[in-house]
Amino acid sequence: MALSRRAFFAAAAMPAALAAPRLAHAQAGAGRVVIIGGGFGGASAARFARDNFPALDVTLIERSRTFTTCPYGNLVLAGRRDMNSITFGYEKLAARGVRVVHQSVVAVDAAAKQVRLADGAQVPYDRLIMSPGIDLRWGAIEGYDEAASERMPHGWVPSLQPISLLRRQLEAMPDGGRFVMVIPDNPFRCPPGPYERISMVAEYLKRAKPRSKLIALDAKNGFSKQPLFQDAWEELYPGIIQWRGASNDGRVTRVNAAAMEVETEFGEKLKGDVVNVIPPQMAAKIARDAGLANQSGWCPIKPATLESTQVEGIHVLGDATIAAPMPKSGFVASSHAKHAVACIAASLAGRAPPAATFFNTCYSHVGADYGISIVGVFRPGPTGFAEVEGSGGVSPRNAALTAERRKEQRQLEALYADGWYDSITDEMFG
Amino acid sequence: MKLKIVLCFLVLSAPPVFAQATDTPLLIGGCQGCHGVSGQGGQGIPSIKANHSRDEFMALMRSFSANERPATIMGRISRGYSPEQTALLAAHYARPQ
């Protein structure tokens, strides 16, 4: 019972407040913070709160006992990592003083400031953080429902379906087979993710099944880090990848899972030996049920504090939010988390929220020793968020670098990608 | 009695000091994602913990933002910070003076 021990210390410190300014100050900002969702946003929020605001009493509610990251799932797909290396537990967060509750949330009662759990417990809060993640829009592509996703895996939400299913299908595919990918329009989780996936699948095919082809059917005409990806595909995987955008009839409107067939907007039917469908998405059900989402299916937030514009007193983080031009990435969710916690601590202490600066660093593996990146620094603007002028952007293109410098840049970014992954997961779960 | 008054003053004067202290954890939050919780680095990512004096740290960030120093991503990132924010980072990560 870490809580009661902390509560005891807080109470014991009260008479001594004058003699201990630091404790007295912490006391002024005391409060119960409940965090729903233990992914990049939620776990980062819990850790940041424990490290920086000892007066906050922190409860993290997450239905699963382990968390498998989306980042690096594509490396599992390529056979370069195993599932264990991308799966983490909450024990160390608990040891840091976070009360971790593995339960599903049934309802959020914002008026009464409490959360009801599946086991019937009510968890009261002073401030609520929701980092709910996403749901897939079953049926948005005709024929693509949960049952179809067993034959045509999405591999996009690890809590719904482990990437290992798609990996097994890829391994079972014959040499000379066809891997079909269906990619959604914006906005969706991890904008460069499908293209890192194309790269990692192509790397595997080139190595293990060199007569095979990959056809990517995309519902849009451009994508994140596009010139960098396409330069690399030409350089590393010539003849393997065909990418088709919306104006080249790339939008898939219907699938037939039994026939392993997809159909485009203008009626072309394509069969695949493996079919990976990344469907359109929306904020997770828990956020929609709590009234946080608008008609777009995503959650509007106040840029200065990340509080919901729909329901007072709830801070919403990460992929579920409308926060463009910030991408739906793990790094951004973690950055959101820190700012929301700092705003909560300030508000409980009766202070104005701190100035907001948000960060994104996002690497993609394109091949062995070949990494590329996009970074961004963002601040609240008058109506939404804005990238700080002159900052951010993607890695330089091949043409802008000497051969020697190019090799070094791509190698270093692949190495730093691994460093990024170790650091951010250590921050959340270490 | 006199001591108590002084301490009261300390308590009351704490918030402005703390306001800046709140900015620092938020700013270093942007570094931690790659350089680690305490700036220790790893997997080839350089350690930024107590490696530089404040002046050296400031000069390093300036050379990144001016593209005067080879970098993978730090040029793009350093241009997102104001000089005041860079000074807070320098104060946090530099060697104790």
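Kindly provide the set of residues from the stretch A:263-315 that are modelled with pLDDT of 95 or more and among the acidic types (Asp, Glu), ordered by number.
Result: A:Glu263, A:Glu265, A:Glu268, A:Asp273, A:Asp289, A:Glu307.
Take residues that are at pLDDT below 90 and within 27 Å of A:Ala55 (Cβ to Cβ) and tell me which of the helices (runs of 4 or more DSSP H) falling wholly in chain B contain 1 or more.
Values: elements: B:2-35, B:54-65, B:74-78, B:83-93.
Qualifying helices (runs of 4 or more DSSP H): B:2-35.
I want to confirm something. Restricting to the stretch A:408-425 and keeping residues that are modelled with pLDDT of 95 or more and more than 7 Å from every other protein chain (Cβ to nearest Cβ), which single residue is surrounded by the fewest Cβ atoms within 10 Å (Cβ to Cβ)?
A:Gln411
On the basis of being surrounded by fewer than 16 Cβ atoms within 10 Å (Cβ to Cβ), touching a Gly at 6+ places or on another chain (Cβ under 9 Å) and farther than 25 Å from A:Gly250 by Cβ, does A:Arg207 make the cut? Walk me through how you get there before you give the answer.
Values: surrounded by fewer than 16 Cβ atoms within 10 Å (Cβ to Cβ): yes; touching a Gly at 6+ places or on another chain (Cβ under 9 Å): yes; farther than 25 Å from A:Gly250 by Cβ: yes.
The answer is yes for A:Arg207.
Of all residues in the stretch A:68-92, how many are under 19 Å from the mean Cα position of the chain (by Cα), surrounded by 20 or more Cβ atoms within 10 Å (Cβ to Cβ) and of a type outside the set (Ser, Thr, Tyr)?
9
For the stretch A:271-299, name all the residues that are assigned to a strand (DSSP E or B) and surrounded by fewer than 17 Cβ atoms within 10 Å (Cβ to Cβ). Explain how you work it out, then say what you get.
Keep residues of the stretch A:271-299 that are assigned to a strand (DSSP E or B), which gives A:271, A:274-277, A:281-283, A:299.
A:Lys271 - this is the single residue of the stretch A:271-299 that is assigned to a strand (DSSP E or B) and surrounded by fewer than 17 Cβ atoms within 10 Å (Cβ to Cβ).
For the condition assigned to a helix (DSSP H, G or I) and either at negative phi or at pLDDT 95 or above (or both), what is the one hit in A:Ala216, A:Ala232, A:Ala258?
On the way: A:Ala216 fails: assigned to a helix (DSSP H, G or I); A:Ala258 fails: assigned to a helix (DSSP H, G or I).
None of the other options fit; the residue is A:Ala232.
Scan the stretch A:380-399 for residues that are in contact with a helix residue (DSSP H, G or I) (Cβ under 9 Å, 6 or more places away or on another chain), within 13 Å of chain B (Cβ to nearest Cβ) and at negative phi and report the count. Let's see the steps before the verdict.
Residues of the stretch A:380-399 that are in contact with a helix residue (DSSP H, G or I) (Cβ under 9 Å, 6 or more places away or on another chain), as a first pass: A:390-399.
From what is left, the residues that are within 13 Å of chain B (Cβ to nearest Cβ) are A:390-396.
Subset that is at negative phi: A:391, A:394-396.
Of the residues in that region, 4 qualify.
Which of the residues spanning the stretch A:344-357 are at the interface with chain B (Cβ under 8 Å from one of its Cβ atoms) and surrounded by 24 or more Cβ atoms within 10 Å (Cβ to Cβ)?
A:Ala345
State all residues of the stretch A:316-362 that are modelled with pLDDT of 95 or more and among the charged types (D, E, K, R); if no residue qualifies, say none.
Listed by number, the residues that qualify are A:Asp319, A:Lys328, A:Lys338.
Residues A:Val377, A:Val341: which one is closer than 24 Å to A:Pro300 by Cα, within 11 Å of chain B (Cβ to nearest Cβ) and part of a helix (DSSP H, G or I)? Outline the logic, then answer.
Values: A:Val377 fails: part of a helix (DSSP H, G or I).
Going through A:Val377, A:Val341 in turn, just one is closer than 24 Å to A:Pro300 by Cα, within 11 Å of chain B (Cβ to nearest Cβ) and part of a helix (DSSP H, G or I): A:Val341.
Out of the residues in the stretch A:377-392 meeting the condition of being under 19 Å from B:Ala71 (Cα atoms) and in contact (Cβ under 8 Å) with a residue 12 or more places away in the chain, tell me which one is surrounded by the fewest Cβ atoms within 10 Å (Cβ to Cβ).
Only one residue fits best here, namely A:Ser391.
For the stretch A:319-338, does any single residue satisfy the condition of being part of a loop (DSSP other than H, G, I, E, B), crowded, with 20+ Cβ neighbours inside 10 Å and at the interface with chain B (Cβ under 8 Å from one of its Cβ atoms)? Let's see the steps before the verdict.
Residues of the stretch A:319-338 part of a loop (DSSP other than H, G, I, E, B): A:323-329.
From the residues that got through so far, the ones that are crowded, with 20+ Cβ neighbours inside 10 Å too are A:323, A:326-329.
Filter once more, keeping what is at the interface with chain B (Cβ under 8 Å from one of its Cβ atoms): none.
The answer is no; no qualifying residue exists.
If I ask for residues that are buried (at least 19 other Cβ atoms within 10 Å of the Cβ) and either over 23 Å from A:Glu389 (Cβ atoms) or of a type in the set (Gly, Ala, Ser) (or both), which ones from the stretch B:50-79 would you list?
Matches in the stretch B:50-79: B:Phe57, B:Ser65, B:Gly75, B:Ser78.
Here are A:Ala323, A:Ala414: which of them is out of contact with any Ser or Thr (no Cβ under 6 Å at 6 or more places or on another chain) and farther than 18 Å from B:Pro70 by Cβ? I'd like the intermediate steps shown before the answer.
On the way: A:Ala414 fails: farther than 18 Å from B:Pro70 by Cβ.
Criteria check complete, one pass: A:Ala323.
The values are calculated or read from the model by the stated rules, or taken from the named source; none is laboratory data. From a predicted model like this one, the values you see are computed outputs, not experimental measurements. For neighbour counting, all protein chains shown are included, and Cβ atoms are generated from backbone atoms with ideal geometry for every residue, glycine included.
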